[in-house]
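Beneath this line is the structure, given in structure tokens, with notes to follow.
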Amino acid sequence: MTVLVTGGAGYIGTHTLVELIAAKKSVLVLDNYCNSSVKSLLKVTEITGVKIPVIEGDINDKECLNNIFTQHDIESVIHFAGLKAVGESCEQPLKYYQNNVAGTLTLCEVMGKYNCKKIVFSSSATVYGDPTTVPITESFPLSTTNPYGASKLMVENILRDLYQSDNSWNIAILRYFNPVGAHQSGLIGEDPNDIPNNLMPFITQVAVGKREFLSVFGDDYDTKDGSGVRDYIHVVDLAKGHLKALGKLEKNIGCVEYNLGTGSGVSVLEMVSAFESVNGQKVPYKITDRRPGDIACCFAQTDFAENELNWKAEKSLSDMMADAWNWQKNNPNGYE
Ligand code: NAD
Ligand code: UDP
């Protein structure tokens with residue numbers, strides 16, 4: 001019995017593969033490498049000693065999916081495959097809806113055809129829009145401010161409808177807060193294609209000398225120091241959450257949403273100073289205007305995942321900083 005990992009060559013996928021293999025799961029990766037390369041999977045092999053079976057293909061390709069389900073005994077799917085750049089999604093919304101929404105429809109259709117009805121889906125805290133209060137519980141109202149977020153919320157709604165129509169599905173919707181850091185080995189990590197959009201890879205690229213300074217997007221928010229506050233979670237903790245969710249699907253849960261975060265809010269300026277003190281590296285920064293669409297503050301209420309999945313983020317902010325830096329300094333050009 002095999003777990004199909006769509007998007008397994010990506011940032012969160014590779015870290016989850018390491019945990020799946022440690023738990024002796026049989027895995028099969030499906031990835032079209034639109035935002036990754038096979039090199040990341042070779043590194044997973046280096047860490048685990050296990051060769052990762054991989055199909056190069058697209059979740060939109062029904063024939064490819066049919067072949068996978070015909071040729072392999074797939075018992076469940078962890079579905080990471082998706083595009084994730086907010087700015088790009090505003091410029092090319094159709095690409096995002098095609099890939100993230102239509103691709104997931106095709107995947108679910110083929111899963112149903114082969115009676116594989118267990119899926120763990122990568123959603124995001126972005127589905128909470130601009131929350132009126134924090135911490136955010138799973139029952140907060142849902143809204144979105146850009147096509148990327150809308151694609152995640154659409155898929156969530158599709159999955160909820162799917163379960164309503166057929167109660168034999170078991171679906172875990174994981175709403176990630178802000179994944180950062182890297183595997184302790186320094187062999188796998190986040191490898192942005194271009195100029196990073198996200199804070200953590202930008203900080204590490206400044207520290208390694210690839211960028212001159214960090215722009216801190218606003219210091220006039222209503223937060224502890226005026227800069228934006230987020231719930232950063234170590235990617236290895238996040239990966240472990242997927243194993244717990246996969247296990248939970250065996251218990252006939254239906255369709256359930258879980259916040260995966262730490263429950264702590266950390267500001268941009270706190271991130272910079274934590275990085276500097278843990279790694280002894282300066283991160284020059286300038287305060288600039290707010291980034292359009294950004295919210296002031298977002299962090300999770302994590303009790304539900306803790307109680308239901310028996311999972312809790314264990315790694316500290318210092319671990320996140322040390323591991324992110326270890327990856328960046330050993331691989332200044334990512335997997336290239
Ligand atoms: P990533 O880009 O590193 O990994 C995604 C992988 O999916 C890549 O290897 C890419 O090549 C593959 N892929 C994309 N479209 C595909 C398709 N049509 N067919 C086959 N493969 C395809 O991203 P990540 O950070 O690992 O994120 C994984 C998932 O988690 C995504 O769905 C993302 O939206 C979601 N998510 C990420 C974050 C984050 O900050 N990293 C936060 C919340 C949610
Ligand atoms: N941020 C920043 N400079 C950057 C990138 C991000 O100041 O170059 C801030 C951003 O405004 C937000 C926080 O860092 O307050 C996290 O941003 P990121 O894009 O990583 O995650 P998201 O906004 O999606 O939660």
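The values are calculated or read from the model by the stated rules, or taken from the named source; none is laboratory data. Note that the coordinates shown come from a computational prediction; the quantities given were computed from them, not determined experimentally. Counting neighbours? That spans all protein chains shown, and the Cβs are built from the backbone with ideal geometry, glycine included. Protein only, heavy atoms only, side chains kept; ligands, DNA and RNA dropped before computing areas. Shrake-Rupley method; radii C 1.70, N 1.55, O 1.52, S 1.80 Å.
In square angstrom, rounded to the nearest 10, how much accessible surface does I287 have for a 1.4 Å probe?
80
Residue separation times 0.36 nm, minus the C-alpha to C-alpha distance between Q98 and N115: what's the value?
Details: separation 17, 0.36 × 17 = 6.12 nm, distance 2.42 nm.
Taking 0.36 nm per residue and subtracting the Cα distance, the gain is 3.7 nm.
How would M200, M1 rank on accessible area, largest to smallest, probe 1.4 Å?
In descending accessible area the options line up as M1, M200.
How large is the Rg to Rh ratio of segment 101-187 when both quantities use alpha carbon positions and Rh follows Kirkwood?
1.04
Taking a ≥ b ≥ c as the square roots of the eigenvalues of the Cα gyration tensor of segment 171-245, is the shape rounded (a/c under 1.5), prolate (a/b larger than b/c) or oblate?
In terms of gyration-tensor shape, oblate.
Can you bin every Cα-Cα distance in the chain into 10 Å intervals starting at zero and give me the percent of pairs per bin, rounded to whole numbers?
6, 26, 37, 24, 7, 1
When averaged across all projection directions, what area in nm² does the alpha-carbon convex hull of segment 218-269 cover?
One quarter of the hull surface, i.e. the mean projection, equals 4.8 nm².
Working from the alpha-carbon coordinates of segment 277-336, get Rg over Rh, Rh being the Kirkwood radius.
1.08
Work through the residues other than R160 whose Cβ is under 15 Å from its Cβ and net out their charges, Lys, Arg +1 and Asp, Glu -1.
Numbers: positive: K117, K152, R175; negative: E138, E156, D161, D166, E257.
So the environment of R160 carries a net charge of -2.
As a check on your grasp of the helix formula, calculate [θ] at 222 nm for the chain: sum -39500 (n - 2.57) over DSSP H runs of n ≥ 4, divide by the residue count, round to the nearest 500.
Result for the chain, helices only: -11500 deg cm²/dmol.
Can you tally the net charge around C64? Count Lys and Arg as +1, Asp and Glu as -1, for every other residue whose Cβ sits under 11 Å from the Cβ of C64.
Working: positive: K62; negative: E56, D58, D61, E63.
Within the 11 Å Cβ shell, the charges total -3.
Residues with amide H under 5 Å of L30's amide H, sequence separation 5 or more or different chain, H placed in the peptide plane at 1.01 Å from N; which?
For L30, the qualifying residues are V5, T6, G7, G8, I55.
What ³J(HN,Hα) values, in whole Hz, does the Karplus curve 6.51 cos²θ - 1.76 cosθ + 1.60 give for segment 34-49 when θ = phi - 60°, with x put for Gly and Pro?
Computed from phi, the couplings for segment 34-49 are 6, 9, 6, 8, 5, 4, 5, 6, 5, 5, 4, 5, 4, 6, 9, x Hz.
Whose amide H sits under 5 Å from the amide H of V180, counting only residues 5 or more places off or on another chain, with H placed in the peptide plane?
Counting only residues 5 or more places away or on other chains, the set is I233, H234, V235.
With labels modelled as points extended 7 Å from the Cα through the Cβ direction, what inter-label distance (nm, one decimal) is found for D319 paired with D294?
Placing both labels 7 Å beyond Cα along the Cβ direction yields 2.7 nm.
In terms of the ratio Rg/(2.2 N^0.38 Å) built on C-alpha atoms, what value belongs to segment 1-144?
Working: Rg = 16.1 Å, N = 144, 2.2 N^0.38 = 14.5 Å.
With N residues counted in segment 1-144, Rg over 2.2 N^0.38 Å equals 1.11.
Suppose all protein chains stay in the model; what accessible area per residue would a 1.4 Å probe give for segment 213-268, in Å²?
Ligands and nucleic acids excluded, the figure is 33 Å² per residue.
Probe 1.4 Å, all protein chains in place: accessible area of K240 in Å², nearest 10?
Roughly 80 Å² of K240 is accessible to a 1.4 Å probe.
What percentage of the solvent-accessible surface of segment 44-175, computed with a 1.4 Å probe over protein heavy atoms, is contributed by carbon and sulfur atoms?
Answer for segment 44-175: carbon and sulfur cover 51 percent of the accessible area.
For the chain, what relative contact order do you get, as a whole percent, if you take Cα pairs closer than 8 Å and at least 6 residues apart?
19
With every protein chain kept in the model, how would you rank D289, D219 by accessible area, 1.4 Å probe, largest at the top?
D289, D219
Taking only Cα atoms of segment 182-336, what ratio of Rg to Rh do you get with Rh as the Kirkwood inverse-distance radius?
Working: Rg = 16.8 Å, Rh = 16.8 Å.
So for segment 182-336, dividing Rg by the Kirkwood Rh gives 1.00.
When every alpha-carbon pair in segment 1-83 is counted, what percent end up more than 21 Å apart?
Roughly 20 percent, once rounded to a whole number.
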